[in-house]
Amino acid sequence: MTDNSIYTNPLITRYASKEMQHAFSDEKRFKLWRKLWIALAESEMELGLNVTSEQVDELKAFADDIDYELAAKFEREVRHDVMAHVKAYGAYAKKAMPIIHLGATSCFVNCNAEAIMLDEALDIVLKKLVNVMDKLKKFALQYKDVPTLGFTHLQPAQLTTVGKRATLWLQDLEMDYENLMHAKACIKLRGVKGTTGTQASFMELFNGDEDKVKELEKRVVAKLGYDKVYGVTGQTYPRKLDYNIISVLSQIAQSAYKFSNDIRILQNMKEIEEPFEKNQIGSSAMAYKRNPMRSERIGSLARYVLSLPTNSAITASTQWFERTLDDSANRRIVNAQAFLSVDAILNIYMNVAENLVVYEKVIAKHIRAELPFMATENIMMECVKKGGNRQELHERIRVLSMEAGKNVKVEGLENNLIELIKKDEMFTPVWDKLDEILDAKKFIGRAPSQTVEFIQNEIDPILEKHADLLGEKGDVRV
């Protein structure tokens with residue numbers, strides 16, 4: 001039963017998926033600790049230390065029997081989480097108790113487990129990222145031929161297409177994907193390094209045999225499914241790893257933030273809307289409102305994630321010599337919440353991208369209001385082809401444009417430039433061609449083919465590589 005008298009983290013209660021919540025759960029962490037202890041004991045046995053197969057088998061038998069209450073009791077006594085769990089494990093695996101954590105320091109389990117947790121959490125992010133890309137790809141192809149006003153400085157500019165604009169969102173995510181894959185490829189475990197990274201305790205255990213110490217590390221890491229370790233460490237893995245990974249999450253948040261802002265502006269213009277459910281309420285006071293709450297939530301969560309790399313940079317830069325413990329409480333918060341936030345962002349992004357509503361007639365109306373101005377060069381050149389004077393035509397169309405602009409801005413009326421041109425005999429040669437000249441599709445350049453080429457050349461190979469991850473649905477929990 002929920003205790004409503006205490007603070008609860010909204011990332012858990014409102015936003016992030018159960019999948020990502022589990023990725024940073026105590027169960028996940030402590031089961032990894034036990035997996036590491038088993039790998040260490042088994043490898044030490046294989047290399048001739050006084051560890052028996054009976055002890056290793058006992059560790060394996062009780063690997064999932066974590067007595068959390070007992071561990072909490074021990075931690076209150078010893079004020080040390082790792083030793084509390086060593087004692088709780090040993091309370092069940094009694095024969096193995098003497099060899100649990102043999103030669104290791106706390107960061108053997110902490111750092112190796114955390115690196116694995118970060119790696120596997122990136123897998124969850126990867127899955128959701130490529131699903132967003134897949135949904136945007138389908139949207140881009142569906143609307144690749146639909147002209148729309150392009151905007152620079154948030155002012156109407158040359159036309160683009162609805163689908164081509166979506167490729168800009170896609171390209172941001174493609175860059176994020178590349179950075180994510182690089183981050184995953186660079187993940188290494190801390191390995192079996194001892195208290196200050198010198199492996200001195202293991203040298204003692206193996207009577208100075210360096211080859212066996214190196215082989216121990218290799219075997220332990222392999223049992224965890226990895227083959228790369230940091231060549232040197234202090235007591236922890238380099239905290240720059242956290243910074244690098246959170247920077248990738250920040251970049252994903254940046255891309256989502258940009259998308260959400262574009263959708264919010266387009267929704268204001270009534271051109272494109274995010275999904276709005278049958279019983280959804282936009283405003284408690286204004287019943288007619290359809291607020292873009294999904295896009296706003298993306299922006300809200302993204303703003304938080306954007307702030308986190310600075311925090312991690314400070315942590316990485318203030319580690320004294322081989323280590324200091326002022327990183328611990330900070331990292332328990334920052335690393336998990338960065339992933340929980342991006343998980344929530346991508347869940348919403350999937351939902352919005354899959355269910356965008358496009359109002360083509362409103363888009364066409366906005367084009368009609370601006371296209372006459374954009375078409376003046378084409379109209380003028382067509383008249384020159386028929387024998388008109390370029391300079392005279394330029395001056396005349398400038399005057400008419402100013403009059404039409406006044407009609408729009410001062411009088412609040414529609415753009416009547418084309419009507420003015422149809423009444424001016426200087427433009428008689430193009431009167432019967434104005435509809436052809438004003439065909440919006442003549443003003444979109446290579447937007448449709450650019451969309452297809454970009455998706456075929458850059459997006460499809462990514463989606464094909466991760467085809468087994470596709471098919472996810474975005475979940476908006478509240």
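Things to note:
- Whenever a residue of the stretch 323-348 is touching a residue at least 24 places away in the same chain (Cβ under 8 Å), its partners that are surrounded by fewer than 16 Cβ atoms within 10 Å (Cβ to Cβ) and not in a helix (DSSP H, G or I), lying with C-beta atoms within less than 7 angstrom and at least six residues away or across chains, give the pairs N347/D475.
- The stretch 10-30 - residue that is without any contact (Cβ under 8 Å) to a residue 40 or more places away in the chain and polar (S, T, N, Q) and, of those, surrounded by the most Cβ atoms within 10 Å (Cβ to Cβ): S25
- In the stretch 31-42 there is no residue matching the filter, namely being surrounded by 12 or more Cβ atoms within 10 Å (Cβ to Cβ), closer than 18 Å to K94 by Cα, in contact with a Pro (Cβ under 9 Å, 6 or more places away or on another chain) and not β-branched (V, I, T).
- Test: E178 is in contact (Cβ under 8 Å) with a residue 12 or more places away in the chain and either within 24 Å of L438 (Cα to Cα) or assigned to a helix (DSSP H, G or I) (or both): no
- Single residue of the stretch 119-165 satisfying the filter (farther than 14 Å from R446 by Cα and β-branched (V, I, T)) that is surrounded by the fewest Cβ atoms within 10 Å (Cβ to Cβ): T152
- Helices (runs of 4 or more DSSP H) lying entirely in the stretch 1-118 (those with 1 or more residues that are at pLDDT 95 or above and polar (S, T, N, Q)): 18-23, 26-46, 53-61
Residues checked against (1) touching a strand residue (DSSP E or B) at 6+ places or on another chain (Cβ under 6 Å); (2) within 30 Å of I187 (Cα to Cα); (3) assigned by TED's automatic domain parsing to the domain that holds L249:
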| position | (1), (2), (3) |
| --- | --- |
| R29 | no, yes, no |
| R34 | no, yes, no |
| E42 | no, yes, no |
| K95 | no, no, no |
| N110 | no, yes, yes |
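- Selected residue (criterion: nearest to the chain's Cα centre (by Cα)) from residues of the stretch 379-425 that are polar (S, T, N, Q) and outside any helix (DSSP H, G or I): N415
Okay, residues lined up against (1) buried (at least 18 other Cβ atoms within 10 Å of the Cβ); (2) within 22 Å of the chain's Cα centre (by Cα); (3) not assigned by TED's automatic domain parsing to the domain that holds I265:
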| residue | (1), (2), (3) |
| --- | --- |
| R297 | yes, yes, no |
| Y304 | no, yes, no |
| F321 | no, no, no |
| D326 | no, no, no |
| Q337 | yes, yes, no |
| L340 | yes, yes, no |
| V352 | yes, yes, no |
| H366 | no, no, yes |
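The values are calculated or read from the model by the stated rules, or taken from the named source; none is laboratory data. Keep in mind that this is a model prediction, so the values were computed, not measured. A quick note on method: Cβ atoms are made from the backbone with ideal geometry, for glycine too, and the neighbour counts reach across all protein chains shown.
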